[in-house]
Structures are given as C-alpha cells and as structure tokens.
Amino acid sequence: MTLNVVFLDRDSLPVPVPVFSFPVQYREFPSTAIEQIATHAIEADIVISNKVPLPRETLAGLPKLKLIAIAATGYNHVDLQACRERGVAVCNIRHYGDHTVAEHAFALMMALMKNLPAYQRDVAAGIWSQSKQFCHFGAPIRELRGATLAIVGRGGIGSQLAAMARAFGMEVLFAERKGAEEAREGRVLFEEALARADVVSLHCPLTDETRSMIAQPELMAMKPGAILINTARGGLV
C-alpha cells in the first residue's frame, strides 16, 4: 500500500527529509497558508507540519488523514481533541533539542546575570576606555553560585538545564503545576518557586492550562530584579 505524504511547510526545516521505509507518494510545499491546506493535502494520508496550524475546521476537510507528523516538539498548533474524535494520530519529535535549548537558556541566564548586553554597549560606545579607574563600573554583575533557579517543566530540556545550573553551584527548584494545592516529590508549589527564584526559566508546552501562566500577578510575586527566561512558547507569558 502506497501512502500519500504531504509536507506543508518544507522551507521551515532546512535539513534533509529522511528516506521513508514504506512506499509513499511524497509531495512538499515551501509553505502553506491555512486556506491552502485543503488544496495541498486533500489526498493526504500523512501530513507533515512544522508550524502550519491544523484547527478543527481544517481537519474536517481532510477525509483521508490518518497521521499528523509534527516536525518539531511543540504541538499547540494542532487541535488534538478534533484529532482524537476523527481517529487521527499525532506524533512529534521529542528530545531532539534538549541540549541545544538548555544551553541557549543557560547562555541567556549568564548574559543577564552578568549584564553582558549593557557592557557590550558600553565597550562599543568607548565608555570602558574612558574610565579613570582600572575598569568601568557599570551595570551590576551577579554570581550564579548560590543563586536559585526555578524551572517550570521537568522534561528533557528542563532536566538538562538543571544539571548545568547545579554544576555552577546554583540551587535548582522544579515548580509544580500552577494551581496545584500539593507539590509532587521533587517539586515545590508554583507560587513558592516564583517567590524564591533569582531566575525563572520556562520549559513546558503551551496548552489551555499553561497559556498566560506568567502575567502581572506572577511578575509581582517574583523578587525585585529576578530574571524570567522563556525559550518555550511566547503565549506562556
């Protein structure tokens, strides 16, 4: 049996597509607007999407669809409930960016704790070389050792970041889900994590439960000068 496979937004993934281990009729499109999905994928058994949204009304127009393969980790652009109702399987790529995203989050934390952007601007402006002292005392610099990092999300990325932070002498807290009355083993309540943290880093999926989990009340509950890092979905904040 030959399956019809359609990649909706090929240009969003600049790496080779693996060779399929089963007979396929394969088509790919550089990008697909939501109104083009029915035209591009009307015959598809399998749809590959990186970021093209697949809401309920769009899925209703794909009668042969059996599988949505997400060419990433995040799945908030797919209506999972509609897929369940229609018997359409959904899969994503787990753990492919654990080290990379954790390193990026750690780099952002280092840059902000050490105020590197401010010092880079001062160097470019000549302020450092004009200093009458042996160095330029500009923006405050903080140490990671002894600081507290609260991580929201204990998956592959969050766990990798925790290991890096502990190696630098940081105290690591894993936050419980927002709104939970009790914390599971190895976690602290969400509100406690925010209150204790010098740095909060978000590493959870965007769902109806996590959307806008950080808003003005949560920011006000954090320490003055605390740092918030979001390398997950923007809608979390």
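The table for this structure:
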read-out	value
Gain in span if fully extended, residue 184 to residue 36, counting 0.36 nm per residue against the direct Cα distance	48.8 nm
Virtual spin-label span in nm between residue 111 and residue 17, 7 Å along Cα→Cβ	3.4 nm
Tail fraction, Cα-Cα pairs, the stretch 150-232, threshold 20 Å, whole percent	26 percent
Two-site FRET efficiency, residue 90 against residue 56, from Cβ-Cβ distance with R₀ of 22 Å, rounded to 0.05	0.95
Surface share of carbon and sulfur [accessible, 1.4 angstrom probe, percent] for the chain	56 percent
Heavy atoms of residue 196 accessible to a 1.4 Å probe, total area in Å² rounded to 10	80 Å²
Area accessible to solvent at residue 15, 1.4 Å probe radius, in Å²	70 Å²
Solvent-accessible heavy-atom area per residue, rounded to whole Å², over the chain at 1.4 Å	57 Å²
Over the chain: Kirkwood hydrodynamic radius from C-alpha pairwise inverse distances, Å	20.7 Å
Two-site label geometry, residue 124 and residue 195: point separation in nm, points 7 Å out along Cα→Cβ	4.1 nm
Globularity index of the stretch 1-113, i.e. its alpha-carbon radius of gyration over 2.2 N^0.38 Å	1.20
Spin-label zone in the stretch 29-59 - amide nitrogen under 16 Å from a point set 7 Å from the Cα of residue 81 along the C-beta vector	54-59
By accessible area with a 1.4 Å probe, ligands and nucleic acids excluded, highest first: order of 22, 134	134, 22
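The values are calculated or read from the model by the stated rules, or taken from the named source; none is laboratory data. Just so you know, these numbers come straight off a predicted model, no measurement behind them. With ideal geometry, Cβ positions are generated from the backbone for all residues, glycine too; neighbour counts draw on all protein chains shown. Just the protein is used for accessible areas: all its heavy atoms, side chains included, with ligands, DNA and RNA removed. Shrake-Rupley method; radii C 1.70, N 1.55, O 1.52, S 1.80 Å.
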